[in-house]
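Scroll down for the structure; my scribbles are underneath it.
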Amino acid sequence: MVMDKHLIALDLDGTTLNNQSKLTNETIATLRALAREGHIVSIITGRPYRIAQHIYDQIGIKTPMVNFNGALTHIPHEHWDKEYEVELTRELALDLLDNHDALGIKTITVENKHHVWANQASNDLPEFLPNKLNKNQLLTPNNLTEKPIALTIQYQPEHETDIIKAVNEKYGDFVEPRVWGGPYNILELIHRGTHKESGMFYIAKQYQIDRQNIIAFGDEHNDFEMLDAAGRGVAMNNAIPELKSIANDVTPIDNDHNGLAKYLRDYFKIAI
């Protein structure tokens with residue numbers, strides 16, 4: 001018997017991807033098999049679209065995708081009339097640019113769906129921060145012609161509280177600062193109240209999928225709301241303890257050994 005249609009909500013880094021930030025053939029085959037069964041397989045990631053599109057294309061799905069932790073929901077390569085963006089303001093980006101020295105900010109990266117601007121290139125995290133810029137991508141009042149969706153700030157660690165305080169005092173009514181986990185001194189700014197579960201529930205609504213038929217996977221702080229809200233929230237074996245503590249289940253195997261694919265095959269009783 002085929003299971004009711006589910007929404008399968010997938011974080012990327014540390015979850016769907018292995019420790020080399022790659023998809024394995026086993027994971028691709030599993031996700032394609034679930035899509036063929038009629039389930040909605042959706043990437044729900046903090047990554048901007050520019051560094052998530054190739055993963056979406058590799059899987060070979062045609063379903064909606066969420067970027068920027070819920071601030072952009074769209075179907076890649078298609079005009080989808082239900083696409084939405086939750087934007088920030090140019091004022092915020094240019095204000096931080098003006099005060100970046102005083103606030104201990106090294107790199108400001110400003111993005112929307114198709115564009116990226118930064119005050120300088122960075123070699124510290126080449127997959128996430130642009131390591132080269134053309135002149136039109138340099139963050140200036142003239143170049144920043146569109147509203148951003150997300151700002152990523154690389155900072156000197158002793159200035160973390162200064163930046164958060166400055167943002168909250170002036171823009172706290174609509175901006176939410178979030179510190180990245182792991183070894184990086186990076187702060188992300190997106191619209192207040194926008195988290196991964198916003199995009200997850202929006203997709204579920206478009207496909208008339210009830211909450212109990214949403215299964216979500218993640219490993220880090222930015223997956224907390226999504227796993228907590230899903231009908232079945234599954235933390236990866238390698239997830240942070242706080243996420244495991246609120247999850248309905250934990251994968252027996254980690255992300256570097258096809259833990260997601262094995263869990264899904266067992267849960268949905270499919271063979272590849």
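Which one of these is of a type in the set (Asp, Glu), in contact (Cβ under 8 Å) with a residue 24 or more places away in the chain and touching a Gly at 6+ places or on another chain (Cβ under 9 Å): 4, 11?
On the way: 4 fails: touching a Gly at 6+ places or on another chain (Cβ under 9 Å).
One residue alone meets the criteria, 11.
Return yes when residue 162 is assigned to a helix (DSSP H, G or I), within 20 Å of the chain's Cα centre (by Cα), under 25 Å from residue 110 (Cα atoms) and touching a residue at least 24 places away in the same chain (Cβ under 8 Å) and no when it is not.
On the way: assigned to a helix (DSSP H, G or I): yes; within 20 Å of the chain's Cα centre (by Cα): no; under 25 Å from residue 110 (Cα atoms): yes; touching a residue at least 24 places away in the same chain (Cβ under 8 Å): yes.
In short, no.
Of the conditions (1) of a type in the set (A, V, I, L, M); (2) farther than 26 Å from residue 83 by Cβ; (3) part of a helix (DSSP H, G or I), residue 203 fails just one. Which one is it?
It fails just one condition, (2).
Being over 14 Å from residue 41 (Cα atoms), of a type in the set (Val, Ile, Thr) and at pLDDT 95 or above is the filter here, so list the residues in segment 193-238 that pass it.
234
Take residue 188 and tell me if it is in contact with a helix residue (DSSP H, G or I) (Cβ under 9 Å, 6 or more places away or on another chain), under 15 Å from residue 89 (Cα atoms), among the acidic types (Asp, Glu) and assigned to a strand (DSSP E or B).
Numbers: in contact with a helix residue (DSSP H, G or I) (Cβ under 9 Å, 6 or more places away or on another chain): yes; under 15 Å from residue 89 (Cα atoms): yes; among the acidic types (Asp, Glu): yes; assigned to a strand (DSSP E or B): yes.
Criteria met by residue 188.
Every residue in segment 85-109 that is of a type outside the set (D, E, K, R) and within 15 Å of the chain's Cα centre (by Cα), please.
Answer for segment 85-109, where residues must be of a type outside the set (D, E, K, R) and within 15 Å of the chain's Cα centre (by Cα): just 86.
So, of the residues in segment 115-144 that are among the hydrophobic types (A, V, I, L, M, F, W, C), within 18 Å of residue 46 (Cβ to Cβ) and touching a helix residue (DSSP H, G or I) at 6+ places or on another chain (Cβ under 9 Å), which turns out to be surrounded by the most Cβ atoms within 10 Å (Cβ to Cβ)?
Filtering segment 115-144 for residues among the hydrophobic types (A, V, I, L, M, F, W, C) gives 116-118, 121, 125, 128-129, 133, 138-139, 144.
Among the residues that remain, those that are also within 18 Å of residue 46 (Cβ to Cβ) are: 116, 118, 125, 128-129.
Still in the running and touching a helix residue (DSSP H, G or I) at 6+ places or on another chain (Cβ under 9 Å): 116, 118, 128.
Working: 116: 18, 118: 21, 128: 19.
Going through the qualifying residues, I end up with 118.
Look at segment 212-258 and say how many of its residues are among the hydrophobic types (A, V, I, L, M, F, W, C) and in contact (Cβ under 8 Å) with a residue 40 or more places away in the chain. Step through it out loud before you land on a result.
Residues of segment 212-258 among the hydrophobic types (A, V, I, L, M, F, W, C): 214-217, 224, 226-227, 229-230, 234-236, 239-240, 243, 246-247, 250, 253.
Now drop any that are not in contact (Cβ under 8 Å) with a residue 40 or more places away in the chain, which leaves 214-217, 226, 230, 236, 239-240.
Of the residues in segment 212-258, 9 are among the hydrophobic types (A, V, I, L, M, F, W, C) and in contact (Cβ under 8 Å) with a residue 40 or more places away in the chain.
Identify, please: which residue in segment 165-185 is over 17 Å from residue 107 (Cβ atoms) and assigned to a loop (DSSP other than H, G, I, E, B) and is, among those, modelled with the lowest pLDDT? Spell out the reasoning first.
Looking only at segment 165-185, we keep the residues that are over 17 Å from residue 107 (Cβ atoms), and these are 165, 168-176, 181.
Right, trim to assigned to a loop (DSSP other than H, G, I, E, B) and you get 172-174, 181.
On the way: 172: 93, 173: 94, 174: 94, 181: 67.
That would be 181.
For residues that are part of a loop (DSSP other than H, G, I, E, B) and out of contact with any strand residue (DSSP E or B) (no Cβ under 7 Å at 6 or more places or on another chain), scanning just segment 220-238, find the one that is surrounded by the most Cβ atoms within 10 Å (Cβ to Cβ).
Filtering segment 220-238 for residues that are part of a loop (DSSP other than H, G, I, E, B) and out of contact with any strand residue (DSSP E or B) (no Cβ under 7 Å at 6 or more places or on another chain), the one surrounded by the most Cβ atoms within 10 Å (Cβ to Cβ) comes out as 220.
Can you find, within segment 115-125, the residue that is nearest to residue 154 (Cα to Cα) among those that are under 17 Å from the mean Cα position of the chain (by Cα) and in a loop (DSSP other than H, G, I, E, B)? Give the derivation first.
We begin by selecting, within segment 115-125, every residue under 17 Å from the mean Cα position of the chain (by Cα); these are 115-116, 125.
Filter once more, so that each one left must be in a loop (DSSP other than H, G, I, E, B): 115, 125.
On the way: 115: 19, 125: 10 Å.
The selected residue is 125.
Out of segment 239-257, which residues are closer than 19 Å to residue 59 by Cβ and surrounded by 19 or more Cβ atoms within 10 Å (Cβ to Cβ)?
251, 255
Note down all Cβ pairs under 8 Å where the first residue falls in segment 260-272 and is closer than 18 Å to residue 5 by Cβ, the second is in a helix (DSSP H, G or I) and of a type outside the set (A, V, I, L, M), and they're at least six residues apart or on different chains.
264/30; 265/30; 270/30
Return the total of residues in segment 130-158 being touching a Ser or Thr at 6+ places or on another chain (Cβ under 9 Å), under 20 Å from residue 87 (Cα atoms) and either free of Cβ contacts under 8 Å to residues at least 40 places away in the same chain or not in a loop (DSSP other than H, G, I, E, B) (or both).
We begin by selecting, within segment 130-158, every residue touching a Ser or Thr at 6+ places or on another chain (Cβ under 9 Å); these are 130-131, 139, 147-148, 150-155.
Applying the additional criterion that residues be under 20 Å from residue 87 (Cα atoms) yields 139, 147-148, 150-153.
Narrowing further to those that are either free of Cβ contacts under 8 Å to residues at least 40 places away in the same chain or not in a loop (DSSP other than H, G, I, E, B) (or both): 150-153.
Number of matching residues: 4.
I'd like the residue in segment 168-178 that is in contact (Cβ under 8 Å) with a residue 24 or more places away in the chain and either in contact with a Phe, Trp or Tyr (Cβ under 6 Å, 6 or more places away or on another chain) or crowded, with 16+ Cβ neighbours inside 10 Å (or both) and, out of all such residues, is farthest from residue 92 (Cα to Cα). First the steps, then the outcome.
Residues of segment 168-178 that are in contact (Cβ under 8 Å) with a residue 24 or more places away in the chain, as a first pass: 170-171, 174-175, 178.
Filter once more, so that each one left must be either in contact with a Phe, Trp or Tyr (Cβ under 6 Å, 6 or more places away or on another chain) or crowded, with 16+ Cβ neighbours inside 10 Å (or both): 171, 175, 178.
Details: 171: 8, 175: 9, 178: 16 Å.
Top of the filtered list is 178.
In segment 96-120, what count of residues is obtained for those that are over 16 Å from residue 134 (Cα atoms) and either out of contact with any strand residue (DSSP E or B) (no Cβ under 9 Å at 6 or more places or on another chain) or among the aromatic types (Phe, Trp, Tyr) (or both)? Step through it out loud before you land on a result.
Pass one, segment 96-120, residues over 16 Å from residue 134 (Cα atoms): 96-106, 112-113.
From what is left, the residues that are either out of contact with any strand residue (DSSP E or B) (no Cβ under 9 Å at 6 or more places or on another chain) or among the aromatic types (Phe, Trp, Tyr) (or both) are 98, 101-102.
Here the count works out to 3.
The values are calculated or read from the model by the stated rules, or taken from the named source; none is laboratory data. Bear in mind that the values here come from a model prediction, so they are computed numbers and not experimental data. Every residue, glycine as well, gets a Cβ built from its backbone with ideal geometry; the counts of neighbours run over all protein chains shown.
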